[in-house]
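The values are calculated or read from the model by the stated rules, or taken from the named source; none is laboratory data. Small disclaimer: the values here were computed from a predicted structure and weren't measured. Positions of Cβ are backbone-derived with ideal geometry, glycine not excepted, and every protein chain shown enters the neighbour counts. Surface areas here come from the heavy atoms of the whole protein model, side chains and all, with no ligands, DNA or RNA. Shrake-Rupley method; radii C 1.70, N 1.55, O 1.52, S 1.80 Å.
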Amino acid sequence: MIFLRTLYLIASAASLSVSAQQTNLAGQTIHFCGDGAEWPPYHFWKRVNGEKTKEITGYDVDIITEILSKHQIKAAFFLPPWKRCLLEVEKNTKYQVALSSSYSDTRNKLFLYSNSYYSITPKFFYSTKRYPNGPPNIDSVKQLLSYEVCGLHSYNYTGFAEGIRNEDINMIAKKFDQVISLTLKNRCDLFLARYEILSGFASIGEDYLSSGDIKAMPIPHGKSDPFYLLISRQFKYAYELKGILDEGFAELERTGKMQLILDKYIK
């Protein structure tokens with residue numbers, strides 16, 4: 001009897017927790033921001049007849065809308081410059097959550113991380129005109145970093161491989177087309193990027209890889225790079241929101257719906 005009462009109290013507490021989440025967040029609008037340089041297939045501006053519209057779409061939008069709508073929570077999406085997005089989420093001013101963020105110890109102090117909801121593959125990219133057979137002598141991270149390696153402003157590259165630090169990367173560009181141009185002009189020897197993102201631009205009419213001028217190679221001892229949502233620690237209901245999102249990710253993964261949503265954007 002005591003055992004059954006204990007189970008009842010646990011169940012009641014869980015029920016109260018869910019009700020609290022619904023009571024506190026139902027009817028509210030949570031503001032999410034992503035990278036203004038776009039991050040297909042995860043978040044990007046929808047195109048109509050090749051022209052960019054004001055509508056933001058992608059895997060992130062569908063996943064989050066699917067989860068929050070069940071709790072009567074609305075979601076609004078914005079794509080400012082990435083650095084501004086992070087600053088505004090940290091302060092809990094314009095936005096409460098940053099989309100598609102990699103892990104770093106610094107960010108972990110500033111933001112509340114959700115569980116990971118997808119992983120992608122870091123690689124390094126090079127100009128085939130400069131290196132027809134690929135850059136020589138890159139068998140370790142140390143050798144990779146002996147080159148002039150570029151990346152995008154305010155991005156985090158520490159998850160690409162053990163030994164890569166953000167300060168080792170020349171974050172000279174703000175968009176992918178800029179870092180590609182710098183590489184083709186030999187101002188950068190190589191640049192780092194997640195392969196799925198760079199190839200994903202083809203689906204929105206910006207095919208960076210099909211010409212063959214830029215190719216990718218695996219990073220020595222590289223690893224899969226998990227991505228998360230960053231929730232403002234200044235947001236009053238940050239932990240409740242995290243609980244709802246994490247539970248939603250697990251349910252969509254369990255039912256296979258998460259992959260079905262991603263498949264919509266990968267042709």
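Taken over region 130-157, the criterion of being among the hydrophobic types (A, V, I, L, M, F, W, C) and in contact with a Pro (Cβ under 9 Å, 6 or more places away or on another chain) is satisfied by Ile138, Val141, Leu144. Restrict the check to region 113-136 and report whether at least one residue is modelled with pLDDT of 95 or more, closer than 17 Å to Cys33 by Cβ and part of a strand (DSSP E or B). Looking for residues that are modelled with pLDDT of 95 or more, closer than 17 Å to Cys33 by Cβ and part of a strand (DSSP E or B), one finds at least one in region 113-136, hence yes.
Here are Thr57, Thr128, Thr93: which of them is β-branched (Val, Ile, Thr), touching a strand residue (DSSP E or B) at 6+ places or on another chain (Cβ under 7 Å) and either open to solvent by 30 Å² or more (accessible area, probe 1.4 Å) or farther than 19 Å from Ala202 by Cα (or both)? Walk me through it before giving the result.
Working: Thr57 fails: either open to solvent by 30 Å² or more (accessible area, probe 1.4 Å) or farther than 19 Å from Ala202 by Cα (or both); Thr93 fails: touching a strand residue (DSSP E or B) at 6+ places or on another chain (Cβ under 7 Å).
Exactly one of Thr57, Thr128, Thr93 is β-branched (Val, Ile, Thr), touching a strand residue (DSSP E or B) at 6+ places or on another chain (Cβ under 7 Å) and either open to solvent by 30 Å² or more (accessible area, probe 1.4 Å) or farther than 19 Å from Ala202 by Cα (or both), namely Thr128.
Report yes if Ala161 is in contact with a helix residue (DSSP H, G or I) (Cβ under 7 Å, 6 or more places away or on another chain), touching a residue at least 12 places away in the same chain (Cβ under 8 Å) and over 19 Å from Pro218 (Cβ atoms), otherwise no.
Values: in contact with a helix residue (DSSP H, G or I) (Cβ under 7 Å, 6 or more places away or on another chain): yes; touching a residue at least 12 places away in the same chain (Cβ under 8 Å): yes; over 19 Å from Pro218 (Cβ atoms): no.
Considered against the rule, which asks whether it is in contact with a helix residue (DSSP H, G or I) (Cβ under 7 Å, 6 or more places away or on another chain), touching a residue at least 12 places away in the same chain (Cβ under 8 Å) and over 19 Å from Pro218 (Cβ atoms), Ala161 comes out as no.
Taking region 131-145 as the range and being exposed (fewer than 13 other Cβ atoms within 10 Å of the Cβ) and closer than 24 Å to Glu167 by Cβ as the test, the residues that pass are Asn137, Asp139, Lys142.
Residue-by-condition table, conditions (1) out of contact with any helix residue (DSSP H, G or I) (no Cβ under 6 Å at 6 or more places or on another chain); (2) among the hydrophobic types (A, V, I, L, M, F, W, C):
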| residue | (1), (2) |
| --- | --- |
| Pro80 | yes, no |
| Lys91 | yes, no |
| Pro132 | yes, no |
| Ile138 | no, yes |
| Val141 | yes, yes |
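Restricting attention to region 183-210 and to residues that are aliphatic (A, V, I, L, M) and open to solvent by less than 20 Å² (accessible area, probe 1.4 Å), the residue that is modelled with the lowest pLDDT turns out to be Ile204. Yes or no: region 68-77 includes at least one residue that is closer than 17 Å to Tyr265 by Cβ, open to solvent by 10 Å² or more (accessible area, probe 1.4 Å) and of a type in the set (A, V, I, L, M). For region 68-77, residues closer than 17 Å to Tyr265 by Cβ, open to solvent by 10 Å² or more (accessible area, probe 1.4 Å) and of a type in the set (A, V, I, L, M): absent. Annotation note: Cβ proximity below 6 Å between a residue of region 236-256 that is closer than 15 Å to Ala75 by Cα and a residue that is of a type in the set (Ser, Thr, Tyr) and surrounded by 13 or more Cβ atoms within 10 Å (Cβ to Cβ) (sequence gap 6+ or interchain) occurs for Lys242/Ser114; Leu245/Ser114.
Residues in region 149-176 that are modelled with pLDDT under 95, open to solvent by 20 Å² or more (accessible area, probe 1.4 Å) and not in a loop (DSSP other than H, G, I, E, B): Ile172 alone.
Among the residues of region 213-261, the ones that are closer than 28 Å to Asp105 by Cα, surrounded by fewer than 17 Cβ atoms within 10 Å (Cβ to Cβ) and within 18 Å of the chain's Cα centre (by Cα) come to 5 in all.
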